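Below you'll find the structure, written out as structure tokens, and then a few comments.
The values are calculated or read from the model by the stated rules, or taken from the named source; none is laboratory data. This structure is a prediction, so every number in the text was calculated from the model and none was measured. Positions of Cβ are backbone-derived with ideal geometry, glycine not excepted, and every protein chain shown enters the neighbour counts. Just the protein is used for accessible areas: all its heavy atoms, side chains included, with ligands, DNA and RNA removed. Shrake-Rupley method; radii C 1.70, N 1.55, O 1.52, S 1.80 Å.
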Amino acid sequence: MGNRLLSMFITSVALGVGTSPVEAKTVIQVMHQGEPDTVSAYGAVAKRFEEANPDVDIELIYAPHDAYNEKFSAAVMSKQVPDIMELDAPFLANYVWSGYLQRIKPLIDPDVLGDMTDSNIAQGTYPVDKDLYAIGLTDSSVVLYGNKKYLEAIGARIPKSVDDAWTREEFEGYLEKLSKLEGVKWPIDTFRGYGVKTEWITYAYSPILQSAGCDLIDRKAWTSVGTLDSKPCVDALAMMQKWVKNGWVVPQSSGTNQFYAEGHPAALALGGHWVYAEAAASMKDDIVVMPLPKFGPKGASPNGTWIWAITTASEHPDIAGKFVSFMLKDKQFREHAQANSAYPGLKSFATESPLYAAGGPMAVAFEQASKTAIARPPHPAYPTITSAFMQAVDEIFNGGDVKAALTTAAEKIDEDVEDNDGYPPFDEQQ
């Protein structure tokens, strides 16, 4: 009889008879990219959030960096759009215009919103309604790294601030001198090793055009012909083509570490802020960080990085916003970012990052954010803009006609805009 009662009790528990039903947890899906150490950091912060919020499960969905947009498109097609997505800032306008993202301000803790730097606000803002749709812990920039030993050998002056940047004439003069200096195999690494079809091309090289006095597209008329293939742009790309032809630039086949590899074969590097940590570990006191040169009438530098948005598909946007806020304030997550020389997008994170503080080794990068940063074109046609520009640069670096390559790219961009009826309301001049 006792065994029968025990059996009945076990069955009743299994069926939930006579017990309180277990409430289902809210699942928040987060699509992200990142290097292995960053992916691990996301997993750790998700676990800490779940411990603090036991009624929520964070489901992380990894997408490779170079195939991220394709994986998100597949999620849209299969109607499996996540609650939260990481996105590369210049693609924000395309995602908002397509209806995938919702305004994020009401969903993020006010203290985090008030902590954003101007460039962080800019990278997450949709230009049509001027509202915020994404936020990040970090932003980004490109600086000019130099090997102090080589620069002193040619008598180069070392700029200490953005206002003191090298002119085009100085820069090219130093490249020529470095090309003749013993020990220097290449005067500069522009990180062609990242590949010809990566966002690096547009991110790092378009500020050279903007400094020279032109752009990828006219940001009022939103047309590219007459802008991307204008004389200043042709001259700027012809200048870069000359660097390649002269053998001054590290070739794509030589990888991405020639500035700080053994022997230090490259004297300068046009590199992202993330290069600093590994380069400094190798070069010690020989590394110097300088602002990007002025290639024309004004200085220009890039900004924009991978930031967090909440999709219109989310059924729990309030909880999604709670997780994003938690992540951006999480101490251990910030420590991981700081160890990778992350560029601050929150003021409080900047104070925790001595690299970027006044007098710090990367202070000039943070100075660029407020003085010379220019976002990539915030337009729904951006996927076509960057693809066309990448193809043109590849053709030019391989010896192609500069004007023809840029005109072909500009025509592709304008064709995309026309095929989408001007991407209203972008067809009305901003």
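Overview of values
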| item | result |
| --- | --- |
| DSSP H segments from the chain that extend 15 Å or more along their own axis, Cα-based, with Kyte-Doolittle mean of -1.0 or above | 2-15, 36-52, 200-212, 231-245, 317-329, 382-397, 402-419 |
| Stokes-Einstein D (µm²/s) once Rh is taken as the Kirkwood radius of the stretch 187-309 over alpha-carbon pairs, at 10 °C in 1.306 mPa s | 100 µm²/s |
| Cα-projected label distance for Asp118 with Ser253, points at 7 Å along beta-carbon direction, nm | 4.6 nm |
| Long-range amide H partners of Gly271 with built H, under 5 Å | Val143, Tyr145 |
| Isotropically averaged projected area of the stretch 329-430, using the convex hull of Cα atoms (one quarter of hull area), nm² | 10.1 nm² |
| Point-charge dipole on Cβ atoms (K/R +1, D/E -1) for the chain, about Cα centre, debye to 20 | 840 debye |
| Carbon/sulfur fraction of accessible area - the chain, other protein chains in place, 1.4 Å, % | 52 percent |
| Hydrodynamic radius (Kirkwood) for the chain, which is based on Cα pairs only, to one decimal in Å | 23.3 Å |
| DSSP loop GluC sites (Glu not before Pro) with at most 13 other Cβ within 10 Å excluded, longest remaining stretch of the chain | 24-181 |
| Summed side-chain charge close to Asp285 - residues other than Asp285 whose Cβ falls under 10 Å, Lys, Arg +1, Asp, Glu -1 | +2 |
| Table column - 3J(HN,Hα) (Hz), the stretch 350-361, Karplus curve with 6.51, -1.76, 1.60, x for Gly and Pro | 5, 5, 8, 10, x, 4, 9, 5, 3, x, x, x |
| Charge dipole (debye, nearest 20) of the stretch 345-430; +1 at Cβ of Lys and Arg, -1 at Cβ of Asp and Glu | 740 debye |
| Mean accessible surface per residue for the chain, computed with a 1.4 Å probe while every protein chain stays in place, in Å² | 44 Å² |
| Mean residue ellipticity (222 nm) of the chain, computed from DSSP H runs ≥ 4 via -39,500 (n - 2.57), nearest 500 | -12500 deg cm²/dmol |
| For the stretch 180-244, the spread of Cα positions along each principal axis, largest first, Å | 49, 24, 14 |
| Accessible area (Å², 1.4 Å probe, nearest 10) - Lys294 | 80 Å² |
| Positive-end extreme of charge dipole, the stretch 333-430 - chosen from Thr386, Ala358, Asn398 (charges on Cβ) | Ala358 |
